[in-house]
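Since the structure comes first, as structure tokens, the remarks are kept for the end.
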Amino acid sequence: MDRKSVISEFRSQFTDDIIKIFDKSATRIYIDITAKSIVRVADYMSHTRSARFTTATAIDMISHIEILYHFTLDILGLCITFRVKLNRKIPEIESLANTISGAEWIEREMYEFFGINFRNHPELNRLLLSDRWPHGVYPMCKDYKEWDPGAVRDRGKD
């Protein structure tokens, strides 16, 4: 199988779920998909295509929250990134943790830093932030306001 056949097969399997395909380079493809299709897409990539789930990243785009799900087809040296856009006011999506165990901690991180609710996650609770950190305050969102007047957040500068 080569990269063209991967794209072609994906198009035929997920026609109604694809919003846009951006064939960036010989080693990278970005595919915008509907949020409702992420579990089926991830299951297909992991179990049918034997792609490795690398990680997921969230980005606050002001008008919406994006999640980029990165999969690698090592045999082709190809990284395929699936992008989903979530409603910024109610950011939620189905969890991949029940399909791909490696997604459990990264989803917990995105939950506490961006406020994304991963439905049906087996243990959606804090991973990194202090127990003192207030609920509903998401430090990676663009509208974050400092909540602790005594906090020193100088990133180690003297």
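Overview of values
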quantity	calculated
Whole-Å distance, taken between Cα centres, linking region 119-142 and region 39-84	22 Å
Cut-off of 10 Å, at most 14 other beta carbons, DSSP loop: longest stretch of the chain lacking such GluC sites (Glu not before Pro)	1-122
Simple label model, 7 Å out from Cα along Cβ direction - residue 74 to residue 54, nm	1.4 nm
Neighbour cut-off at most 14 other Cβ (10 Å), DSSP loop, chymotrypsin sites (Phe, Trp or Tyr not before Pro), region 50-152	144, 147
FRET efficiency, 1/(1 + (r/R0)^6) with R0 30 Å, evaluated for residue 126 and residue 1 via beta carbons	0.15
Set 36/145; 4/24; 36/89 screened for pairs whose C-alpha atoms are more than 20 Å apart	36/145
Antiparallel content of DSSP bridges confined to the chain, in %, to 5	75 percent
Paramagnetic reach from residue 151 in region 100-120 [backbone N under 13 Å; point 7 Å along Cα→Cβ]	113-114
DSSP bridge pairs, region 65-158: antiparallel proportion in percent, nearest 5	75 percent
Approximate shape of the chain as ellipsoid semi-axes (Cα gyration tensor, √5λ), whole Å, largest first	32, 16, 15
Sites residue 137 and residue 34 - FRET efficiency at Förster radius 25 Å, r taken between beta-carbons, to 0.05	0.25
Test item: Cα-centred dipole of the chain, Lys/Arg +1 and Asp/Glu -1 on Cβ, debye	400 debye
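Readers should treat all values here as calculations from the given coordinates under stated rules, not as data from a laboratory. Remember, it's a predicted structure, so these values are computed and weren't measured experimentally. Using ideal geometry, Cβ is built from the backbone for each residue, glycine included, and neighbour counts are taken over all protein chains shown.
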